[in-house]
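One structure is given below, encoded as structure tokens.
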Amino acid sequence: MPPELILVIILALVFEFLNGMRDSSNIVATMISSRAFHPQTALGLTAISEFLGPFLFGVTVAKTIGSDIVDSQVLTLGALAAGLLGAIVWNLITWFFGIPSSSSRALIGGLAGAVLISAGAGAIKFSGFGKVLVALFASPLIGFVAGFLFLRLIYFLAQHASPRINRFFSRGQFFTAVGLAFSHGTNDAQKTIGIITLSIVIGGQMSDFTIPFWVILVSALTMAIGTALGGWRLIRTLGGKFYKIRPVHSFATQMTSAFVILAASLVGLPVSTTQVVSSAIIGVGASERFGKVRWGVAGDILIAWIVTIPASALFSAGIYWLMTHFP
């Protein structure tokens with residue numbers, strides 16, 4: 001393999017490691033805050049489930065990322081490296097400050113910025129790019145509404161239940177958490193799988209977009225390792241700053257998020273686990289009482305979501321400019 005291709009693969013795996021480290025907080029935060037699981041147990045369970053996700057539910061999202069967004073005929077490995085670096089830099093900044101930004105938005109923004117400055121707008125496949133943007137913007141709204149309605153349904157069905165039902169919601173999180181971790185591994189690991197496969201095609205090692213097994217294996221494993229280490233800053237944000245989370249809130253959030261993310265994965269749409277889980281947490285809390293949610297925290301996260309794509313695009317464009325002017 002040429003050195004440029006090896007560099008892109010390494011950067012893609014670094015991005016995936018950070019993605020797993022950041023997004024683990026989305027899955028385990030409510031489990032830990034509701035005291036359903038010990039932190040290390042929650043992270044271990046999540047890591048194993050995420051690793052298995054891409055093998056169980058296919059790689060449709062990887063094909064969307066790798067072949068439907070940019071034209072591989074005009075994209076260079078240098079531009080791809082700059083796009084990944086832009087996403088990595090933004091992820092590190094938001095991780096340092098404990099802001100649950102979106103790794104998916106950072107990746108899309110990074111790719112867009114690098115492609116625009118290196119090859120122009122003609123290199124972007126706007127039909128596929130638009131489809132991805134719609135999925136990224138619509139999925140949080142769906143997560144909010146689904147979380148709101150699902151908690152109402154739970155309270156309706158459990159209106160005559162005794163307090164012992166809290167034990168059901170605590171133990172039931174084993175299954176909802178595994179489902180959410182499967183969906184996260186299915187969706188998020190595939191983004192790196194798509195990028196690595198795209199880089200192999202651009203590097204001339206393959207003639208068409210066919211995903212090798214080893215790419216799936218190393219991407220899933222890297223995400224699982226990142227998840228096992230955990231993102232404790234973000235766990236505190238998602239697990240406690242919105243409102244005091246009880247087992248029923250955690251159960252409803254995980255069930256809602258798993259459904260939304262898995263449904264998107266099966267039709268090949270990349271979505272942000274951070275956005276879906278955060279919006280589901282807010283929707284579940286608002287369903288119980290609108291005043292229950294600390295809307296100031298939700299507003300800060302919303303601003304981070306809006307800023308992520310242009311910020312990572314600017315970072316990647318600047319990095320590409322530096323790479324070409326100061327080789």
Item to complete: Please indicate, with yes or no, whether at least one residue in region 97-110 is among the hydrophobic types (A, V, I, L, M, F, W, C) and farther than 29 Å from E4 by Cβ.
Response: yes
Worksheet, complete the sentence: A264: passes all of (1) at pLDDT below 85; (2) under 14 Å from the mean Cα position of the chain (by Cα); (3) of a type outside the set (V, I, T) but (1)
Fill in: Scope region 150-164; condition aliphatic (A, V, I, L, M) and either exposed (fewer than 15 other Cβ atoms within 10 Å of the Cβ) or over 28 Å from T273 (Cβ atoms) (or both); matching residues
L153, L157, A158, A161
Worksheet, complete the sentence: Residues in region 138-174 that are farther than 14 Å from E288 by Cβ and hydrophobic (A, V, I, L, M, F, W, C) total 10
Worksheet item: Mind checking which pairs have a first residue in region 132-151 that is closer than 19 Å to G268 by Cα and touching a residue at least 24 places away in the same chain (Cβ under 8 Å) and a second that is hydroxyl-bearing (S, T, Y) and assigned to a helix (DSSP H, G or I), Cβ under 6 Å, 6 or more apart or different chains?
Response: P140/S279; G143/S279
Practice prompt. Find the residue count for region 263-294, including only residues that are touching a Leu at 6+ places or on another chain (Cβ under 9 Å) and over 16 Å from L141 (Cα atoms).
Written response: 1
Discussion item. What's the number of the only condition in (1) buried (at least 24 other Cβ atoms within 10 Å of the Cβ); (2) modelled with pLDDT of 85 or more that A146 fails to meet?
Written reply: (1)
Practice prompt. Take the residues in region 100-122 that are out of contact with any strand residue (DSSP E or B) (no Cβ under 6 Å at 6 or more places or on another chain) and free of Cβ contacts under 8 Å to residues at least 60 places away in the same chain, then tell me which one is surrounded by the most Cβ atoms within 10 Å (Cβ to Cβ).
Written response: A119
Response to the item:
By residue number, the members of region 1-20 that are among the acidic types (D, E) and more than 17 Å from W214 (Cβ to Cβ) are E4
Worksheet entry | Scope region 75-97; condition among the aliphatic types (A, V, I, L, M), modelled with pLDDT under 90 and over 16 Å from G194 (Cα atoms); matching residues | L92, I93
Worksheet item: Right, E50: assigned to a helix (DSSP H, G or I), within 25 Å of M255 (Cβ to Cβ) and at pLDDT 80 or above or not?
Response: yes
Worksheet, complete the sentence: Checking S72, S118, S102, S33 in turn, the sole residue that is among the polar types (S, T, N, Q) and at pLDDT 85 or above turns out to be S118
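The values are calculated or read from the model by the stated rules, or taken from the named source; none is laboratory data. Just so you know, these numbers come straight off a predicted model, no measurement behind them. With ideal geometry, Cβ positions are generated from the backbone for all residues, glycine too; neighbour counts draw on all protein chains shown.
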